[in-house]
Amino acid sequence: MTLTKRHALALAVALAAPCAARAASEAMSASAASSFQAAAFGTGTRAFRPLGASGAPQAVRMSAMLDTWDEFLRDHTGVVGEEGVQALAPTLAADLDLSALLNKQLKTSLRFNMGGKTVWCGGLFDRNQTAYLSVLIDGEAPRYYDVKGIYKHEEKLKIGAKTYKLWLSANIFSKLKSEIVFTNLDDENDETRFNLKKMLASVTAAGALVPFTGQPYRVFYTDGLRANQADPNARLFTFVMTDPNGDLHVYLIPVELVPSDRIAVFKMFADRAVGLTRQGETLKIYENP
């Protein structure tokens, strides 16, 4: 099924009662991207004044920018419910070591030196389909920041001997060119920045590559989040696939929906069935269940 606005309330219920979940994600379509771009110029309370083609200043309202970004991700990410139990002889596509896969997305290619410390930036979704930036400082527990939240409210974090301001610089012309920025409060020349497109690409590349049903998926096994803190009791399997048109598809499956005594069937891209079962610390993925 397609996850629509009508299912928003039902989704909350489904997470409390997993067997009732029946939501799946939509594709990131060109029309959706166009809608996002148009919505970025809507009315609101936060404004700036760029120059128009004539050189004269023009007012552009931006308060809805990150609200729309958040809605965009929610519209194209789904919590997938079990479709049934396998009846045919399935084909094993992969055995994944969950202990090695757990929170692998915390260490991406976005690796920096800040305050004399090595810092990795990554990301994940929670069960409410909220997108988070993860910040892993070498030797410390990871920290998580709601992407929309750091646009509305700057955060301060201590990294080594320095204190940095963490914020999001929104690009009204292209959502994915909006930048996550770390600025040293004592030295504005000490700044690290990367855009959301690079963040999504780096996080996606960190997943385990598993081809099945004719498509290359990246698979993740992550802690859940509660009040911006890691919650091992709410872990998720996340499947990410980029189709031939470059559109991103994200499927979220709460771990409790994956049984150990049978193969549970889920629908992913193009409504194709995928079988999942968990045997100890191994996730088995089946085609043609």
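Checking the table LYS104/LYS284; LYS177/LYS267; LYS148/LYS284; LYS117/LYS175 against a 28 Å threshold on Cα-Cα, which pairs fail? Could you put the intermediate results ahead of the total?
On the way: LYS104/LYS284 18 Å; LYS177/LYS267 32 Å; LYS148/LYS284 35 Å; LYS117/LYS175 30 Å.
Beyond 28 Å between Cα atoms: LYS177/LYS267; LYS148/LYS284; LYS117/LYS175.
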If R₀ is 22 angstrom, what is the calculated FRET efficiency for the pair LEU185 and PHE112, using the beta carbon separation as r and rounding to 0.05?
0.85
Could you bin all the Cα-Cα distances of segment 134-200 into 5 Å bins starting at 0 and give me the percent of pairs in each, rounded to whole numbers?
4, 16, 26, 26, 19, 7, 2, 0
So how do ARG235, ARG193 line up by other beta-carbon neighbours within 10 Å, fewest first?
ARG193, ARG235
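From largest to smallest, what semi-axes in whole angstrom does segment 140-279 give when each is the square root of 5 times an eigenvalue of its alpha carbon gyration tensor? Don't skip to the answer; put the middle values down first.
On the way: eigenvalues 235, 77, 27 Å².
Result for segment 140-279: semi-axes of 34, 20, 12 Å.
The numbers here are math on the coordinates, done by the rules we state, and not lab data. All values reported here derive from a predicted model rather than from experimental measurement. In this analysis, Cβ positions are derived from the backbone assuming ideal geometry, glycine residues included, and neighbour counts consider all displayed protein chains.
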